[in-house]
Amino acid sequence: DIVTHAPMMQDITGTRGYIRLGWGDRDYYGAERKTMGLMAKALFLPTPSVVEVANFKKPEQAGKTLVPLRISDGELKKLLAFITASIALDRQGQPSLVRKEPSGFRYYSAHGRYHLLRNCNNWTAKALHQSGQDVHYRTAFLADRVMRQLD
């Protein structure tokens with residue numbers, strides 16, 4: 001479904017059936033060694049960002065808390081438009097890979113600066129809002145604020 005609505009994602013989504021996408025600080029998110037210094041910099045300084053692309057064979061492999069969304073084809077298209085617009089492209093018009101973990105998770109350069117008041121939870125809530133979900137993103141600084149709106 002992703003490639004149907006967002007062809008530019010074909011090269012980065014992989015071949016497994018389920019994909020987790022996220023947004024975060026370029027140096028901290030997916031870092032092999034997460035230090036207090038990296039975390040403080042990510043929270044308190046506007047820093048460059050990345051989009052994470054992680055593939056899974058089964059949805060439960062993506063994380064301990066999963067919330068099913070019932071969205072129309074048009075809403076999915078809007079959600080994917082938001083996500084693909086977040087990915088920064090290189091001069092050839094391709095996503096720019098920042099790092100790849102041994103697990104296969106990949107991190108691509110993204111638009112926007114990450115900080116405490118503009119974080120991964122805001123990004124997720126805004127993506128959901130853009131797709132038509134009744135989610136308020138301006139105050140969604142914590143994951144539970146996003147999750148409570150999806151109940």
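Figures for the structure shown
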read-out: Largest-first ordering by accessible area, 1.4 Å probe, given options K41, K78; value: K78, K41
read-out: Modelled FRET efficiency - R0 35 Å, Q94 with M36, Cβ distances, 0.05 increments; value: 0.50
read-out: Surface share of carbon and sulfur [accessible, 1.4 angstrom probe, percent] for the range 4-151; value: 53 percent
read-out: J(HN,Hα) series, the range 32-38, from Karplus relation 6.51 cos²θ - 1.76 cosθ + 1.60, nearest Hz, glycine and proline x; value: 5, 10, 8, 9, 4, x, 5
read-out: Candidates S103, S131, S49, ranked by Gaussian network fluctuation over the chain, Cα under 10 Å, top entry; value: S103
read-out: Correct option for semi-axes √(5λ) of the Cα gyration tensor in Å [calculated from the coordinates] among [x] 25, 19, 14; [y] 22, 20, 16; [z] 29, 22, 16; value: [y]
read-out: For the range 71-84, Karplus couplings with θ = phi - 60° (6.51, -1.76, 1.60), whole Hz, Gly/Pro x; value: 10, 6, 4, x, 5, 4, 4, 5, 4, 5, 5, 5, 4, 5
read-out: Other-chain or far-sequence residues with amide H under 5 Å of Y114's (modelled H); value: T47, S49
read-out: Net dipole in debye of the range 86-151 [+1 Lys, Arg Cβ; -1 Asp, Glu Cβ; about Cα centre; nearest 20]; value: 260 debye
read-out: Spherically averaged projected area of the range 67-142 from its Cα convex hull (nm²); value: 6.6 nm²
read-out: The range 87-103 - phi-based ³J(HN,Hα) in whole Hz, Karplus 6.51/-1.76/1.60, Gly and Pro as x; value: 7, 7, 9, 7, 5, 8, x, 10, x, 9, 6, 8, 7, 10, 7, x, 5
read-out: Average accessible area per residue (Å²) across the range 92-151 - probe 1.4 Å, nucleic acids and ligands excluded; value: 61 Å²
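The values are calculated or read from the model by the stated rules, or taken from the named source; none is laboratory data. Everything numeric here is computed off the predicted structure, so don't read it as measured data. Methodologically, a virtual Cβ is constructed for each residue, glycine included, from the backbone with ideal geometry; neighbour enumeration extends over all protein chains shown. These area figures cover heavy atoms from the full protein model, side chains too; ligands, DNA and RNA do not enter into them. Shrake-Rupley method; radii C 1.70, N 1.55, O 1.52, S 1.80 Å.
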